1. Spin-label point model (7 Å from Cα, Cβ direction): what's the residue 43 to residue 175 distance in nm?
2. Give me Rg/Rg_expected for the stretch 1-53, where Rg uses Cα atoms only and Rg_expected = 2.2 N^0.38 Å with N residues.
3. Rounded to the nearest 500, what is the chain's calculated 222 nm mean residue ellipticity when only DSSP H runs of at least 4 contribute -39500 (n - 2.57) each, over all residues?
4. Just grab the label-to-label distance for residue 36 and residue 72, each label 7 Å out from Cα along the Cβ direction, in nm (one decimal).
5. So, taking all protein chains as they sit and a 1.4 Å probe, how much accessible area belongs to residue 124, in Å² rounded to tens?
6. Provide the solvent-accessible area of residue 133, counting protein heavy atoms only and rolling a 1.4 Å probe, rounded to the nearest 10 Å².
7. Using unit Cβ charges (K, R positive; D, E negative) and no other charged atoms, how large, in debye to the nearest 20, is the dipole of the chain about its Cα centre?
8. Of 166, 204, 105, whose Cα points farthest to the positive end of the dipole of the chain (charges on the beta-carbon: +1 Lys, Arg; -1 Asp, Glu; origin at the Cα centre)?
Amino acid sequence: MNSLSNLARLRDFVQSFAAMLERKPGEQEILTEGGALLAGLISQDDWLPAAYAQADSQRYQQYLLYADALERFSVVSFVWGPGQSTPIHDHTVWGLIGVLRGAEIGQPYGQVDGQWRPQGPSHELLAGQVEAVSPRIGDVHRVFNARQDQTSISIHVYGANIGAVQRSVYLEDGTRKPFVSGYSNQTLPNFWDRSAELNAQLRAAAP
Ligand code: FE
């Protein structure tokens, strides 16, 4: 299969996710069922177009892959250059994180006397593994590329158009800085333009 038809994996994932949300499940159900859907998506690393897998030498990249028409969810590829990391931050909505390539380290944070401190041990998430965040189960963390010598990529799903959500970055001393992350890519992919894929199929089928 060529990479264009492999993109159907993302389309199938988005459709399955939207169909699940149509049932108006509770958060735990979303995290469980959605986590299984995300695990399926990241079980094969052959569908993410190269343009959405490019690391930047200065900072980690957040490429919007899909935003639901009703902003019920969004799908983002996070691309970590060697050794790159986030600040301490929150999400304010549920989120699912699945590692597609390489590995990342998550460190939850909790507030102690107004200061943010690591809460529990950090954990390494390997390719194929999924974890969840939310205000209910723990929403503040810091994430690192576990690899010092290679790019790592994770696929994130959030319960909103995450690039447009007003949220916060924290310093250990308790300082809060409001932020809106935006996206690293300027435009949406031609998600519904399947002509390249369909024409390739027509050419392959031609006698
Ligand atoms: Fe995060």
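The values are calculated or read from the model by the stated rules, or taken from the named source; none is laboratory data. Every value quoted in this text rests on a predicted model; they were computed, and no experiment measured them. Cβ: placed from backbone, ideal geometry, glycine included. Neighbour counts: every protein chain shown. Surface areas here come from the heavy atoms of the whole protein model, side chains and all, with no ligands, DNA or RNA. Shrake-Rupley method; radii C 1.70, N 1.55, O 1.52, S 1.80 Å.
1. My value for the distance between the label points is 4.6 nm.
2. Against the compact-globule rule of thumb, the ratio is 1.26.
3. The helix-only estimate for the chain comes to -7000 deg cm²/dmol at 222 nm.
4. 1.8 nm
5. The value for residue 124 is about 90 Å².
6. 10 Å²
7. Working: 16 positive and 21 negative charges, 54 e Å.
With only Lys, Arg, Asp and Glu charged at Cβ, the dipole is about 260 debye.
8. The listed residue farthest towards the positive side: 204.
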